[in-house]
Amino acid sequence: IVLFGLKQVEKQEKLRNRLIKGVLEVHGAKLNGHPTERLCNNANFTFEKTDGSDLAKYLNEKGIAISTGSACLTKTMKPSHVLLAIGRSVQESLGSIRVTLSKDTTVEEIDHTVEMIEKYFRMLEKNS
């Protein structure tokens, strides 16, 4: 168990908020859950017309470790029951990714993640 002090929580919140702001500028991105009433180091996004596992694979190839679905469903292709409960469709749930920050996450890593997500969607648009 990792316990964060107040300064660490504030640092994580700033990084998480930077991530959320950047990702929401990507066409079709939606934040799942409340923008601020959430864990300081976690964000979950839904992307229109994409498969979350394809995006996760692309990002993992770029050295960015993200997941699809909830932590309890990581190895399944089932839609997240939490995302379904908040009104996401099965397709939207399957087009979602979960990003968890560590105590060592940097601003540069957040910016790189946003840049790679943007690049992925530019690549999809170009190929369609």
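The values are calculated or read from the model by the stated rules, or taken from the named source; none is laboratory data. None of these values were measured; they are calculated from a predicted model. Every residue, glycine among them, receives a Cβ derived from its backbone with ideal geometry; neighbour counts consider all protein chains shown. Keep in mind that these areas ignore ligands, DNA and RNA; they rest on the heavy atoms of the full protein, side chains included. Shrake-Rupley method; radii C 1.70, N 1.55, O 1.52, S 1.80 Å.
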query = Against the longest principal axis of the chain, how steep is helix 107-127, in degrees 0 to 90 to the nearest 10, with axes from Cα atoms?
reply = 0
Reach of K21 by Cα under 18 Å, taken over lysines that are not fewer than 8 positions away in the same chain = K11, K30, K119
request  = Quick one: angle between helix 6-24 and the longest Cα principal axis of the chain, in degrees between 0 and 90, rounded to 10, please.
outcome  = 20
key: Proximal aspartates and glutamates relative to K103, as straight alpha-carbon distance under 14 Å, when same-chain residues fewer than 8 apart are discounted   = E10, E13
message = From Cα pairs below 8 angstrom and at least 6 apart in sequence, can you work out the relative contact order of the chain, rounded to a whole percent?
response = 30
query = Just how large is the dipole of the chain about the Cα centre, in debye to the nearest 20, putting +1 at every Lys and Arg Cβ and -1 at every Asp and Glu Cβ?
reply = 240
The stretch 15-108, accessible surface, carbon-and-sulfur percent (1.4 angstrom probe) = 56
query = Helix 52-61 versus the longest principal axis of the chain: what angle, 0 to 90°, nearest 10, using Cα atoms?
reply = 60
